[in-house]
Every structure is written in structure tokens, then in C-alpha cells.
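*Asks:* Shown below is the structure under consideration.
All of the numbers you see were taken from the coordinates with simple rules; none came from a lab. This is a predicted model, so every value here is computed, not measured. Cβ placement follows ideal geometry from the backbone for every residue including glycine, while neighbour counts extend to all protein chains displayed.
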Amino acid sequence: IHENSEAASKYVAEEIAKLIRQRQSEGRNAVLGLATGSTPTKVYDFLVEMHQTEGLSFKNVVTFNLDEYYPMLPDSIHSYVRFMKEHLFDLIDIPEENINIPDGSIPESEVKAYCQAYEQKIESAGGLDIQILGIGRTGHIGFNEPGSSLHSKTRMIRLDRVTKLDAASDFFGQENVPDRALTMGVGTIMNAKKVFLMAWGEGKSPIIKDAVEGQIRESVPATFLQIHSNCDFVLDDASSQFLT
Ligand code: F6R
């Protein structure tokens, strides 16, 4: 628990930088699982700052984003591709071919094979070294909404009503939020060697209490993280206020 989201984000960014530098010294890649939304933006700001001021290089970094709306064109202002470029990728030296984000523009008939290939690609890269997560008010991680099983893999899902409500302002109205999304599964996330789930503000405090102290269950997918062997919840004061 950190005093504020700034200090907490700095901590996570430094952990990521440590991994990248360690891998660089070994001549190996660092494999990062990345999230979008409001929660990780300060982490990305700090990483960009380290790139600019300390020469932190991302040449040996491979990234896999958690999710993307479906359908979604990559160059849409609402796409997570656009989000990641704006907040991170266009501001650092990561090779384009090292970036992986689920493609919301593929035909529906190809989704199943595409999702299997995404899983395969994570595996071939050596698995996720660090996965960063936000959390939705439904308890979703990635877009694994209530009902997602522990072993679920990358797939198409239907977004929860609450999630669509929370995304409404980004889309200028709830009716414009896509009904579906492609997301890594709970099982994909559970396979990451290290997980940082971040949450800021009192709006997240009820779901943080449930995720950390509630019974482990599919109706709150974030509770599965209780059985991950190396997962940290990185919180500010406000989001942690209901923890006992
Ligand atoms: C985003 C993602 C989601 C968000 C969650 C919280 O890639 O996978 O699980 O992390 O919806 O969103 P924010 O951070 O906007 O509160």
C-alpha cells in the first residue's frame, strides 16, 4: 500500500525497469503483459521518463497486451492499439515486431484460431515475465468478466453491463461501447511469472476487498489471483481502505 498512485506507479515502473536491465545483461528478452485503461498510465509515464533520462532501452522487450474491444479497427481512436502507441510505444525504442495486441479487426470466423495463435506466441516468447493488471468493478482482470474460469485462455467474451457503463464516457455514450472483446484468459494471466495488480481511488475499494479477502470464485475472477504464487496487489490508500 502506497501513499498515492504516483508512488505506487513508480514502484511498478522500477520493477519493470529492473527486469529489463537484468535481461539485457544476460542478452535475453523481457516479456511484458500490458494493460490499458486509466490505471497503468502513470507506470507508462515513468517508463518513458526512464527511457528519456536514464537511457532505459526497450530493444529487448516483447509485449503482449491483455485485450482489445471487438470489433475494433486498430487505427480507431477507441482502440487499445492507439492507446498503447500514445502512452508508450511511440515514445520508446521498442521494435514494432515485438509488440502484440489482440487484433479486433479480424473476421469472426478466424477468432478461434487467432486466439490460439496468440497463446502460442506468448509461449514461444518464453511466457510472460511480468503481467500488469488493473481491475474492473465487476472483478474482471483483462476482460475476464464474472463467470470466467480459472483455466480460461485467450478468447472472445461478452462485456458485462457494468463494464460497458464504465467505458461509456470514452465512447461518448454507452450505446457506442462494443458488446464484445478479445481477452487473454484467467489461465493465461495465472501463467505469468509475476503479476502486479494495481488499483487507485475509493471507487475500487469494495472490489479490492473482495478480490483480496473474498472467497475464490468465478463470479469475481480477480479472486483467482489469491492462488497465484507471485502476485502483488499494488494499491493506494483509498483503494485499500476496506482491507482488514
Ligand atoms: C484493460 C483491462 C481492464 C482494466 C480495468 C480497469 O486492458 O484489461 O481489466 O484494467 O477495466 O480499468 P481502469 O484502469 O480504466 O479503471
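*Asks:* In whole Å, what is the distance between the alpha-carbon centres of segment 78-130 and segment 202-244?
*Replies:* One Cα centre to the other: 27 Å.
*Asks:* Need the full-extension length gain, His151 to Ile1, defined as separation in residues times 0.36 nm minus the C-alpha distance. One decimal, nm.
*Replies:* Details: separation 150, 0.36 × 150 = 54.00 nm, distance 2.89 nm.
Taking His151 through Ile1 to full extension adds about 51.1 nm, to one decimal.
*Asks:* Same structure, new question: Quick check for me: using +1 on Lys/Arg Cβ and -1 on Asp/Glu Cβ, what's the dipole size of the chain about its Cα centre, in debye to the nearest 20?
*Replies:* On the way: 23 positive and 35 negative charges, 123 e Å.
It comes to approximately 600 debye.
*Asks:* What net charge do the residues around Leu56 carry, taking every other residue with its C-beta under 10 Å from that of Leu56, with Lys and Arg at +1 and Asp and Glu at -1?
*Replies:* Details: positive: Arg21; negative: Glu49, Glu54, Asp93.
Net local charge, Leu56 excluded: -2.
*Asks:* Quick one: divide the alpha-carbon radius of gyration of the chain by 2.2 N^0.38 Å and tell me what you get. Show your work: numbers first, answer last.
*Replies:* Details: Rg = 16.9 Å, N = 244, 2.2 N^0.38 = 17.8 Å.
It is 0.95.
*Asks:* While we're on this one: What does the charge count around Leu91 come to, taking other residues whose C-beta lies under 10 Å from its C-beta (Lys +1, Arg +1, Asp -1, Glu -1)? Kindly include the intermediate steps, with their values, before the conclusion.
*Replies:* Details: positive: Lys85; negative: Asp45, Glu49, Glu86, Asp90, Asp93.
It works out to a net charge of -4.
*Asks:* Can you compute the charge dipole magnitude of segment 43-136 about its Cα centre, using +1 on each Lys and Arg Cβ and -1 on each Asp and Glu Cβ, nothing else charged? Give it in debye, rounded to the nearest 20. Walk me through the intermediate numbers first.
*Replies:* On the way: 5 positive and 17 negative charges, 22 e Å.
Rounded to the nearest 20 debye, it is 100 debye.
*Asks:* From the residues Met184, Gln174, Ile216, which one has its Cα farthest along the dipole of the chain in the positive direction, the dipole being from +1 and -1 charges on Cβ of Lys/Arg and Asp/Glu about the Cα centre?
*Replies:* Result: Ile216, furthest along the dipole toward the positive end.
*Asks:* Under 22 Å Cα-Cα from Lys85, which lysines qualify once same-chain neighbours fewer than 8 residues away are excluded?
*Replies:* Lys10, Lys42, Lys59, Lys121
*Asks:* Also: Kindly provide the helix-only [θ] at 222 nm of the chain, computed as the sum of -39,500 (n - 2.57) over DSSP H runs of four or more divided by all residues, to the nearest 500 deg cm²/dmol?
*Replies:* -10000 deg cm²/dmol
*Asks:* So what is the relative contact order of segment 97-244, in percent, for Cα pairs below 8 Å that sit 6 or more residues apart?
*Replies:* Values: 256 pairs, mean separation 40.1, N = 148.
RCO, segment 97-244: 27 percent.
*Asks:* Defining a contact as two alpha carbons under 8 Å apart and six or more residues distant in sequence, what relative contact order in percent does segment 52-125 show?
*Replies:* 39 percent
*Asks:* Another question, if that's okay. Can you tally the net charge around Glu108? Count Lys and Arg as +1, Asp and Glu as -1, for every other residue whose Cβ sits under 13 Å from the Cβ of Glu108.
*Replies:* On the way: positive: Lys112, Arg155, Arg180; negative: Asp103, Glu110, Asp179.
Net of charged neighbours comes to 0.
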